[in-house]
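The values are calculated or read from the model by the stated rules, or taken from the named source; none is laboratory data. In this text, all values refer to a predicted model and were calculated from it rather than measured experimentally. Glycine gets a Cβ as well: all are built from the backbone with ideal geometry, and neighbour counts include every protein chain shown. These accessible areas exclude ligands, DNA and RNA; they are computed on the full protein's heavy atoms, side chains included. Shrake-Rupley method; radii C 1.70, N 1.55, O 1.52, S 1.80 Å.
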Amino acid sequence: MSTVRTDNTQHLTPGALPSSMQLNAEGKLKHFLTIEGLPPLLLEEILDRAEQFLNLPNKAQNKAPILRGKTVMNLFFENSTRTRTTFELAAQRLSADVITLDIRNSATSKGESLLDTIRNLAAMHCDMFVVRHQHSGAAHFIARYCPPHISVLNAGDGYHAHPTQAMLDMLTIRQHKSCFQPLKVAIVGDILHSRVARSQIHALTTLCTGEVRVIAPRTLIPAGIEKMGVNVFHKMEQGLEDVDVIIMLRLQKERMQSGLLPSEREYFSLYGLTEARLKLAQSDAIVMHPGPVNRGVEIDSRVADGSQSVILEQVTNGIAIRMAVMAMVMSGQTGEQR
Ligand code: CP
């Protein structure tokens, strides 16, 4: 595969936030912006809370009253199917009032600034913003400038972080593998443009996963990624050997400069997850993908829909993880046990 561009340094993880940005004085979550810097016990608490919510029946009369009287505003400046919908469902199942702003038809199209939008929505007495934005750092910016009683949940910002996606992935891994310490986990594909990969790496290393591997062409790996505690492979045949978990990533064509890849066909021939390549992993390895899937580009449909795929379980787990995080940040704001 030809290498046209090698300067990947601008995609390296942005500087760590002070933990006081997302934790209160007692160390409880008040915002959920990034996994970087969070203690392992807090990640385990999120997973445990989500497990409790998994069995909550999906019936209006059985909703949990945890966010009754609270208003959640979903602000998706970038498209989403899974994250937006599961955040909405999660808020509804916690009995919140939920507004999803139609950004395309909002005053943003007339040039209203992000800060003015936030100030106006805050004036409507909301309690939580769920934010997806194309710019890295947007959720932090909102958390910094919104009134202190409002919690901000990052639903994906630029290349930076997608912390609830990483936590629903951790829940799915824990359900299948119980414990992180003995596991070898491979993350495959467009690491360079992936906020999901960055958050997964922080979560996996915080939870003391045995080995975290990234597998990708040189053009799709950020320079210096080894500092995050991962082993780098450029060949699928080496990187997949004996792994317990394979996380495939979408090629983020919308974020790519031209020349990073010669063709999707060649990419699939070198990095696509096929049935033959899956056999290199442990026989009980699970296959994950955050979605949306480019079938035939990063993964063969027979693998995406096969018996080792847990892709749709990840989606289901997204509701429980988002319920857990919403309940915890409200508790972190009010000091009440929710
Ligand atoms: N995994 C994920 O973030 O998917 P959506 O873009 O559909 O929300």
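Annotations for the structure displayed:
- Among beta bridges from DSSP that stay inside the chain, the antiparallel ones total about 5%.
- Among the lysines of the chain, pairs at least eight places apart or on separate chains and with Cα atoms under 27 Å apart come to 15.
- Apportionment of accessible area to carbon and sulfur, the chain, percent (1.4 Å): 49
- Segment Glu313..Ser113, full-extension length gain: 68.2 nm, with 0.36 nm per residue of separation and the alpha-carbon distance subtracted.
- Highest-first packing order for the peptide set 105-112, 163-170, 32-39 is 163-170, 32-39, 105-112, based on the mean count of other beta carbon atoms within 10 Å.
- Exposure ranking of Lys63, Lys235 by accessible area [1.4 Å probe, largest first]: Lys235, Lys63
- Nearest-ten-degree value, helix 195-206 long axis tilted from longest Cα axis of the chain: 90
- For Asp102, the accessible area of its heavy atoms, probed at 1.4 Å with every protein chain present, is near 80 square angstrom.
- Ile319 contributes an accessible area of around 30 Å² to the protein surface, as traced by a 1.4 Å probe with all chains present.
- Long-range HN-HN contacts of Ser151 with modeled amide H, under 5 Å: Met128, Phe129
- Accessible area expressed per residue, the stretch 163-313, with surrounding protein chains retained (probe 1.4 Å, Å²): 38
- Accessible-area order (highest first, 1.4 angstrom probe) of the listed residues Glu241, Glu88: Glu241, Glu88
- Helix-only [θ]222 nm of the chain, DSSP H runs n ≥ 4, -39500 (n - 2.57) each, per residue, nearest 500: -10000 deg cm²/dmol
- A probe of 1.4 angstrom, applied to the heavy atoms of all protein chains, finds Cys208 with accessible area near 80 square angstrom.
- Label-point separation, Glu211 to Gln282 (7 Å along Cα→Cβ), nm: 1.2
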